[in-house]
Amino acid sequence: MLNKKQTWLLPNGCYLMKERLLQYLACPLCGAELSLNDTERDGREIVSGELRCGGCQSAFPIRSGVPRFVDPECDEAQRATAENFGSQWLIFDHARERHWEEQFLDWIAPITPDFVHDKVVVEGGCGMGRHTRFVGLWGARDVIGIDLSKAVEAAYRNTKDLPNAHIIQADIYHPPLKRRFDYAFSVGVLHHLPDPRGGFDSLIKCVKPGGAISAWVYGRENNGWVVKIVNPLRVHFASKLPPRALYFVSYIPTVILYAALKLIYAPLAQTGLKRFLFYADYLSYIARFTFREIHTIVHDHLTAPVAFYIRREEFAQWFDENETEHAEIHWHNSNSWRGLARIQS
Ligand SMILES: C[S@@+](CC[C@H](N)C(=O)[O-])C[C@H]1O[C@@H](n2cnc3c(N)ncnc32)[C@H](O)[C@@H]1O
Ligand SMILES: [Zn+2]
């Protein structure tokens, strides 16, 4: 579990890529080995340089401690999603680690901190790196967080003190990784991709036989009102606002929601009256959150140009059609799905 003495946000300066990351990397275009060129080092670690593919000869820079595999030509909607979230996760870069850790465990349950011990782990869409950091603190042999957006700068800062944690700027559809991971997870990312199933299929390819994969996605069941009311608002208005403007605009629904949570949902959460409340399971669950966290959630729902709401049947197919076994799909807070499965040996 998180050691309180550990610093969450570290001062700037000294950007180094840890050399041990190299053993997990492969060319995202052809899968061949990468070699280091023009390297500037500080001891064993890498300050800057370039990774060159021994197959197709593509070159990928290492800047500010992070290897960069982003294709500037990649799909525009996808970049918009990533950049909106990227801005959000830089803005919301605050220390809520205890609570985040609980929430993370809830999203990946029945995985526990012991499970990742000495395992090689990858996170698809790591945002500011909070979950990558937890996995590092729980004793993974190595954990790699990948993200397409500039959130990698925050993720790097938030994990750079852990010798076993690494950040890569890359597209989940083309992970620059070898198939040697024991565990892959993705939380709150796949439903924002233009092709959620494609993102899952690509992440699962990084996991070796006998390994495991977890995902958490928005559910379609019970979310008809979000699809009919929130979705159009998000697509046609909110996601088009500049990040700063949306940050402030989203205060309005946050104030209303927060008042309802504290005045109605929190007092009734433990009583029989809860069943009469709208969207009771989820709203009672978040009723204990701080104003800032509610603002994050509202902002999260408004910021993404793309959001899919996925049915159980479809989500279960992602696992079944990828040669997994023992898939466990759980209904989470009556509005989302979390799944875990083992990759067949
Ligand atoms: C809602 S945030 C979740 C971040 C993190 N999982 C968390 O819960 O703290 C979604 C993240 O997915 C990233 N993302 C979007 N499209 C991506 C892609 N194609 N490849 C990798 N990351 C992507 C965004 O940049 C953003 O950081
Ligand atoms: Zn290549």
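The values are calculated or read from the model by the stated rules, or taken from the named source; none is laboratory data. Please read all numbers here as calculations on a predicted model, not as lab measurements. Glycine gets a Cβ as well: all are built from the backbone with ideal geometry, and neighbour counts include every protein chain shown. Heads up: the accessible areas ignore ligands, DNA and RNA and are worked out on the full protein's heavy atoms, side chains in. Shrake-Rupley method; radii C 1.70, N 1.55, O 1.52, S 1.80 Å.
With all protein chains present, how much of the accessible area of segment 127-169 (probe radius 1.4 Å) comes from carbon and sulfur, to the nearest whole percent?
47 percent
Work from the charge dipole of the chain (Cβ charges, +1 for Lys and Arg, -1 for Asp and Glu, about the Cα centre) and give the residue of 297, 151, 184 farthest towards its positive end.
Working it through, the farthest residue towards the positive pole turns out to be 297.
So, by mean Cβ neighbours within 10 angstrom, what's the order for 302-311, 238-247 with the highest one leading?
302-311, 238-247
Would you please state the base-10 log of I(q)/I(0) at q = 0.11, 0.13, 0.14, 0.15 1/Å for the chain, with intensities from the Debye formula using one equal scatterer on every alpha carbon?
These q points yield log10 I(q)/I(0) values of -0.73, -1.03, -1.20, -1.38.
In sequence order, what are the phi-derived ³J(HN,Hα) couplings for segment 28-37 according to the Karplus relation 6.51 cos²θ - 1.76 cosθ + 1.60 with θ = phi - 60°, rounded to whole Hz, with x for glycine and proline?
Taking θ as phi minus 60°, the curve returns x, 8, 10, x, 6, 5, 10, 10, 8, 10 Hz for segment 28-37.
With label points built 7 Å along Cα→Cβ from the Cα atoms of residue 33 and residue 345, find their separation and express it in nm.
Those two pseudo-labels are separated by 2.9 nm.
To the nearest 20 debye, what charge dipole does segment 109-245 have about its Cα centre, counting +1 at the Cβ of each Lys and Arg and -1 at the Cβ of each Asp and Glu?
Charge dipole, segment 109-245, about its Cα centre: 300 debye, nearest 20.
Relative contact order for segment 214-323 using alpha-carbon pairs under 8 Å, separation at least 6, rounded to a whole percent?
49 percent
Stretch residue 260-residue 20 to full length: gain in nm at 0.36 nm per residue minus the Cα-Cα span?
Separation in residues times 0.36 nm, less the Cα-Cα distance, equals 81.5 nm.
Work from the charge dipole of segment 87-224 (Cβ charges, +1 for Lys and Arg, -1 for Asp and Glu, about the Cα centre) and give the residue of 174, 194, 125 farthest towards its positive end.
174
Rank 225, 307, 242 by how far each Cα sits towards the positive end of the charge dipole of segment 212-338 (+1 on Lys, Arg Cβ; -1 on Asp, Glu Cβ) and give me just the farthest.
242
Mind putting a number on the dipole of the chain about its Cα centre? Charges go on the C-beta only, +1 for Lys and Arg and -1 for Asp and Glu, and I need it in Debye to the nearest 20.
900 debye
Can you list residues from other chains, or at least 5 along the same chain, whose modelled amide H is less than 5 Å from the amide H of residue 41?
Amide H to amide H, under 5 Å and 5 or more residues apart or across chains, residue 41 pairs with 47.
Show me the three semi-axes of the equivalent ellipsoid for segment 256-340, from the C-alpha gyration tensor (sqrt of 5 times each eigenvalue), largest first, rounded to whole Å.
Here the semi-axes work out to 30, 17, 10 Å.
To the nearest 500 deg cm²/dmol, what mean residue ellipticity at 222 nm is calculated for the chain from DSSP H runs of n ≥ 4 alone, each contributing -39,500 (n - 2.57), summed and divided by the residues?
Counting only the DSSP helices, I get -9000 deg cm²/dmol.
Once you keep just the Cα pairs under 8 angstrom separated by 6 or more residues, what percentage relative contact order results for the chain?
Computed over the chain, the figure is 17 percent.
How high is the relative contact order of segment 245-295, given as a whole-number percent (alpha carbon pairs under 8 Å, six or more residues apart)?
Once normalised by length, the contact order is 48 percent.
Compute, for segment 140-187, the length of the dipole vector about the Cα centre, with Cβ point charges of +1 (Lys, Arg) and -1 (Asp, Glu) only. Units Debye, rounded to 20.
My answer is approximately 140 debye.
Is there a pair in 119/178; 160/208; 178/208; 119/208; 18/160 whose C-alpha atoms are over 18 Å apart, and which pairs would that be?
160/208
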